[in-house]
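Working notes, beginning with the structure itself.
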Amino acid sequence: MTTTMLEVNELSTKYITRFREDVYAVDKVSLKVEEGKSLGIAGESGCGKSTLALSLMGYYFPPLHYTSGDIIINGKNISGLNPDHVRKTILGKEIAYIPQAAMNALNPTRKIIHFIEDVILEHEMYVNKKDIYERAKKLFETLGLPPEVLQRYPVELSGGMKQRTVIAISVLLLPKVLIADEPSSALDVTSQKMVIKMLKHLMEAGFISSMIFITHELPLLYNVVDDIMVMYAGQIVEKGTSHEMVFDPIHPYSKGLMGSIIVPEEGLRDVKLTAIPGVPPNLKKPPAGCRFAERCKFVRPECRVISVPYREAGNGRVYRCIIPEAELREAYSREERTK
Ligand SMILES: Nc1ncnc2c1ncn2[C@@H]1O[C@H](COP(=O)(O)OP(=O)(O)O)[C@@H](O)[C@H]1O
Ligand code: SF4
Ligand SMILES: [Mg+2]
């Protein structure tokens with residue numbers, strides 16, 4: 001029997017700017033992550049990935065506001081809970097989040113061990129610093145990090161080591177769900193690989209029960225996560241297994257994302273460098289109908305007016321387009337032939 005670690009049903013959230021404008025950054029997003037599984041979320045910058053990550057934790061503070069939907073973590077519905085209660089009982093333990101660029105946000109005047117003390121002392125009252133040090137040392141050793149790092153300041157560590165340290169700190173309380181937001185961006189290729197290897201090891205070693213990996217590079221997720229969702233303009237446009245989404249995307253946006261990056265990983269060498277023309281829409285006034293219409297080569301007049309339904313493509317695979325899968329595939333093959 002599988003246990004669902006995170007279930008989100010039709011979650012919508014928005015920012016309210018200081019000019020009192022609404023930014024509809026997450027629109028009716030549903031997802032599920034089972035125990036022992038990892039989910040990748042891909043999409044260009046500004047598509048709402050980080051906002052979705054913040055929204056999933058149920059920890060809302062202005063300018064971000066909850067609108068509707070359910071968030072169920074390890075069987076507990078946390079939607080609508082008081083943010084203070086969420087901070088004390090949910091964050092770090094049930095769900096942990098490594099924000100984008102977290103490694104650069106470490107206070108430079110404090111040693112790594114002090115960040116660890118903060119996390120543990122926030123949740124456990126009767127624990128002394130010597131015990132915390134021993135626990136931290138063991139954690140670092142298990143995760144393949146040198147324990148000497150505990151006595152260093154953030155500026156004394158390389159980017160890759162700093163990021164791996166941040167990841168180690170985030171799993172101190174053994175969270176059920178870990179969300180890593182662009183954890184390997186801004187690192188060199190070797191450090192990127194080490195960070196990804198460490199994230200994969202966390203589940204095998206029992207530090208976390210499930211993981212969400214966010215990136216703007218869809219091909220990067222291949223070999224890292226089990227399933228992938230592609231997000232565009234605050235909405236999910238396609239979901240499938242990692243292999244299906246990377247090698248056989250159905251939605252025109254997923255197809256475009258696959259063609260836009262080269263990742264020097266086995267099997268992905270043939271990906272061609274072609275950016276998707278145009279930019280995502282302004283989420284203050286999202287377009288009616290399909291939000292990708294402005295940039296889609298297959299756009300039809302009805303795409304701009306009807307609410308586009310999700311279609312099933314077998315095996316739990318889902319995509320959101322008015323064109324049936326077979327027709328899209330035929331169009332992709334035609335394009336291939338004329339290249
Ligand atoms: N603090 C904020 N206030 C208002 N709008 C925001 C704020 N943060 C992000 N946004 C907007 O929300 C949308 C989604 O942003 P974000 O979640 O950061 O996307 P991603 O992580 O995919 O790059 C964008 O249109 C962005 O401009
Ligand atoms: S619904 Fe229309 S505009 Fe949107 S992806 Fe499909 S064909 Fe393109
Ligand atoms: Mg982001």
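The values are calculated or read from the model by the stated rules, or taken from the named source; none is laboratory data. Bear in mind that the values here come from a model prediction, so they are computed numbers and not experimental data. Every residue, glycine among them, receives a Cβ derived from its backbone with ideal geometry; neighbour counts consider all protein chains shown.
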query: Looking at residue 71, is it surrounded by 15 or more Cβ atoms within 10 Å (Cβ to Cβ) and over 15 Å from residue 233 (Cα atoms)?
result: yes
field: Subset of the stretch 241-260 [buried (at least 19 other Cβ atoms within 10 Å of the Cβ), of a type outside the set (Ser, Thr, Tyr) and away from ligand 2 (no atom under 16 Å from the Cβ)]
entry: 244, 246
message: If the requirement is being in the same structural domain as residue 117 (by TED's automatic domain parsing) and surrounded by fewer than 19 Cβ atoms within 10 Å (Cβ to Cβ), which of these qualifies: 162, 197?
response: 197
message: When you check residue 237 against the structure, is it buried (at least 18 other Cβ atoms within 10 Å of the Cβ), within 19 Å of residue 331 (Cβ to Cβ), among the hydrophobic types (A, V, I, L, M, F, W, C) and modelled with pLDDT of 95 or more, yes or no?
response: yes
- prompt: So which residues in the stretch 291-307 are among the hydrophobic types (A, V, I, L, M, F, W, C) and part of a helix (DSSP H, G or I)?
  reply: 293, 303
query: Looking at this structure, is residue 189 among the β-branched types (Val, Ile, Thr), touching a residue at least 60 places away in the same chain (Cβ under 8 Å) and more than 19 Å from residue 33 (Cα to Cα)?
result: yes
- prompt: Only one of 36, 80, 58 is modelled with pLDDT of 95 or more and either of a type outside the set (Val, Ile, Thr) or closer than 15 Å to residue 229 by Cα (or both); which?
  reply: 36
message: Take the residues in the stretch 271-284 that are modelled with pLDDT of 95 or more and surrounded by fewer than 18 Cβ atoms within 10 Å (Cβ to Cβ); name whichever of them is farthest from ligand 2 (Cβ to nearest atom).
response: 284
- request: Return the total of residues in the stretch 93-135 being among the small types (Gly, Ala, Ser) and at pLDDT 95 or above.
  value: 1
message: Looking only at the stretch 308-339, filter to residues that are surrounded by 12 or more Cβ atoms within 10 Å (Cβ to Cβ) and hydroxyl-bearing (Ser, Thr, Tyr); which one of those is farthest from residue 289 (Cα to Cα)?
response: 332
query: For the stretch 52-62, does any single residue satisfy the condition of being within 16 Å of ligand 1 (Cβ to nearest atom), loosely packed, with under 15 Cβ neighbours inside 10 Å, farther than 29 Å from residue 275 by Cβ and not assigned by TED's automatic domain parsing to the domain that holds residue 282?
result: yes
message: When the residues of the stretch 41-51 are narrowed to those that are under 22 Å from residue 5 (Cβ atoms) and surrounded by fewer than 24 Cβ atoms within 10 Å (Cβ to Cβ), which ends up farthest from ligand 3 (Cβ to nearest atom)?
response: 51
- prompt: Does residue 279 fit the bill of being of a type outside the set (Phe, Trp, Tyr) and within 16 Å of ligand 3 (Cβ to nearest atom)?
  reply: yes
task: Hey, could you check the stretch 201-229 for residues that are touching a residue at least 60 places away in the same chain (Cβ under 8 Å) and among the charged types (D, E, K, R) and say which is nearest to ligand 1 (Cβ to nearest atom)?
output: 217
- request: Give me a count of the residues in the stretch 200-221 that are more than 20 Å from residue 74 (Cβ to Cβ) and surrounded by 21 or more Cβ atoms within 10 Å (Cβ to Cβ).
  value: 6
Selection from the stretch 31-43 of residues that are more than 7 Å from ligand 1 (Cβ to nearest atom) and in contact (Cβ under 8 Å) with a residue 40 or more places away in the chain: 31, 33, 34, 35, 36, 37, 38, 39, 40, 41, 42
